[in-house]
Structure formats: structure tokens, C-alpha cells
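Chemist: Mind looking over this structure? Questions follow.
The values are calculated or read from the model by the stated rules, or taken from the named source; none is laboratory data. Since we're looking at a predicted model, the values are computed, not measured. Neighbour counts are summed over all protein chains in view; Cβ atoms, including those assigned to glycine, are modelled from backbone coordinates with ideal geometry.
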Amino acid sequence: MESNVQQDQRIRLAFWIAAGLVAIGAVAPLVVGGGIHSRIAGVFIPFAIAAAALVINGVMYQQGRPLAVTLYFIAGLAIVYGILALLAVPLRLAVVGTCPPAPAHCPLGFEQPMTSGENNGLGVATFCGVLAILTGFYGLLLFYRRLTIAARRQPNLWPAQPPVQATTPAPAQAAPVEPPSVAPTAAAISEPAPATPADPAPPPPAPDPAPPPKPVRRAAPKRASTPPAPAAAEEPKELPSPEEPKELPPPA
């Protein structure tokens, strides 16, 4: 129980330290850079939003992971936007150009170079913003680790191994009871029983004569079945030849 309290204190302290660093980064450009009218004063709004999100996260992170992650994402997004807004000022001056030193006339569309106060405010705000992002991530990491350890300590609802069923021992089989052996008496030992001639064993029956082997009939080779020849067309019978007329005898 004591370890959980210490972890909660560390998580809450990490989020509040990150909020404090963001607040310092929001105020530094105003104090060092020349006040509200400086070119880097616009970083105050996103850094203030990030500081408020980190403070709320330090108070309400126990509501669950989704809320903690959402608040940290909002804070990180606001810090990155503020840092990019700061870095845009020197980048714009380097691309467009700056006014020449006095007493030369400044051309239209050019700006004055950055002062030392603005450079210092830009550096402090950028450093505090990056450090706040890392510190908030450390607090979020501690929060996730605490939830993981708590999940491991919870007892499992289902046992790792199925319960072993108690097996009833099988009933032992009773040993067969042997009849008590009676010791032979002295009379039985002294008078041996008369030996009876053993009957002669009957002769073994004669084996049956084996039947004569049957002649093996060879199967006639199967003739290839030929289709019957078509019946020849009957020839028409010849008509009888006409009888020749008998010759008359020659005249006498």
C-alpha cells in the first residue's frame, strides 16, 4: 500500500513540475523580451493552455488512461505550436531581411533585427517547453507502469491448472480361500491300498481311406464368337428345259 502512495506522489509531482516549466516558458518572453508588444509574446497563449492541461492531468490522472493520455497530448501539441511560433520569428528575419543599422532608412517591409532580450526569451521558452514535454512523458510512463504492476498482482479468476479430481481407490480383490489340507493318518500310511490292474487302452481307430482323386476336367477353350454369316440369297430354281420334238422317221 505504501508503494502505491509513493508512486502516486511521483506521478502527480512529475505532471506539476512539467506545468511549472511551461509556465516559466510562457512568462520568460514577456519579462525578458520586451513585454506584451514584443514579437515573441504570442507564445504565452499556447504555453498557458499546456500548463493548464498538465495541472488538470496531475489531479485527474487516476480517472483512467484515456483521460491522462488525452490531456498530455493536448499539452504537448500546445507546447510544440508555441515553440514553432517562436522559431518562426528569426527564420522570417533571415529570409526576408532586416533593416540596416541607424541612421540608414529602413525599407518598407523589413523589420528590425532581434534584440538580445528577445533572443534570451526565445532560448528560455524553447528549453522550458522541451523539458516540460519530457517531464510529462516521465509521469505518464510511471502511471502506465503502476497500472501494469497492479494488474499482475490481481489473482487470476481461473486457475493455471485444472483441479485434480480425487480418485477413489479400487476395492481389493479377496484372495481365493484354499480348502484346509488334512494330514494323512498312520493307518493310511501303514496299509497301502491294493493296486488294481489298469485297463488296457483301446486301440486307436483306423484312419479312413482317402477318397480317390477326381479327374481334373480341362476347360474347353472358348471359341471366339463369330457373327453368323448372312444367309445367302436363295438362287431362283431353273425352269425345266422344253422337250424337243421327236423327229419323224424318214420316208420310205
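Chemist: Just a yes or no: is a residue in the range 112-129 more than 60 Å from the chain's Cα centre (by Cα) and at pLDDT 75 or above? So that I can check it myself, show each step before the final result.
Modeler: First, pick out the residues of the range 112-129 that are more than 60 Å from the chain's Cα centre (by Cα): 112.
Then keep just the ones that are at pLDDT 75 or above; that gives 112.
Yes.
Chemist: Got a number for residues in the range 1-44 being more than 12 Å from Thr135 (Cβ to Cβ), surrounded by fewer than 18 Cβ atoms within 10 Å (Cβ to Cβ) and within 46 Å of the chain's Cα centre (by Cα)?
Modeler: Qualifying residue count, the range 1-44: 9.
Chemist: In the range 34-56, is there at least one residue being assigned to a helix (DSSP H, G or I), touching a residue at least 12 places away in the same chain (Cβ under 8 Å) and either aromatic (Phe, Trp, Tyr) or at positive phi (or both)?
Modeler: yes
Chemist: Here's another thing I want to ask about it. Against the condition touching a residue at least 24 places away in the same chain (Cβ under 8 Å), in contact with a helix residue (DSSP H, G or I) (Cβ under 6 Å, 6 or more places away or on another chain) and within 18 Å of Ile24 (Cα to Cα), how does Ala85 come out, does it pass?
Modeler: Numbers: touching a residue at least 24 places away in the same chain (Cβ under 8 Å): yes; in contact with a helix residue (DSSP H, G or I) (Cβ under 6 Å, 6 or more places away or on another chain): yes; within 18 Å of Ile24 (Cα to Cα): yes.
Yes.
Chemist: Sticking with this structure for a sec: Can you pull out the residues in the range 92-145 that are of a type in the set (Gly, Ala, Ser) and under 21 Å from Gly35 (Cα atoms)? Give the derivation first.
Modeler: Taking the range 92-145 and keeping what is of a type in the set (Gly, Ala, Ser), we get 94, 97, 102, 104, 109, 116-117, 121, 123, 125, 129, 132, 136, 139.
Once the filter is applied, which keeps residues that are of a type in the set (Gly, Ala, Ser) and under 21 Å from Gly35 (Cα atoms), the range 92-145 yields Ser116, Gly117, Gly121, Gly123, Ala125, Gly129.
To keep it simple, each residue is scored yes or no on (1) assigned to a loop (DSSP other than H, G, I, E, B); (2) out of contact with any Gly (no Cβ under 6 Å at 6 or more places or on another chain); (3) over 23 Å from Tyr144 (Cβ atoms); (4) among the aromatic types (Phe, Trp, Tyr).
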position	(1), (2), (3), (4)
Ala18	no, no, no, no
Val69	no, yes, no, no
Ile79	no, no, no, no
Leu84	no, yes, yes, no
Gly121	no, no, yes, no
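Chemist: Could you please tell me which pairs satisfy a Cβ distance under 8 Å, a separation of 6+ or placement on different chains, a first residue in the range 122-140 that is within 14 Å of Ile24 (Cβ to Cβ), and a second residue that is loosely packed, with under 15 Cβ neighbours inside 10 Å and aliphatic (A, V, I, L, M)?
Modeler: So the pair list comes out as Leu122/Leu87; Thr126/Leu87.
Chemist: On to the next question. I'm checking my understanding of the structure. Among residues of the range 90-118 that are in contact (Cβ under 8 Å) with a residue 24 or more places away in the chain and in a helix (DSSP H, G or I), which one is surrounded by the most Cβ atoms within 10 Å (Cβ to Cβ)?
Modeler: Glu118
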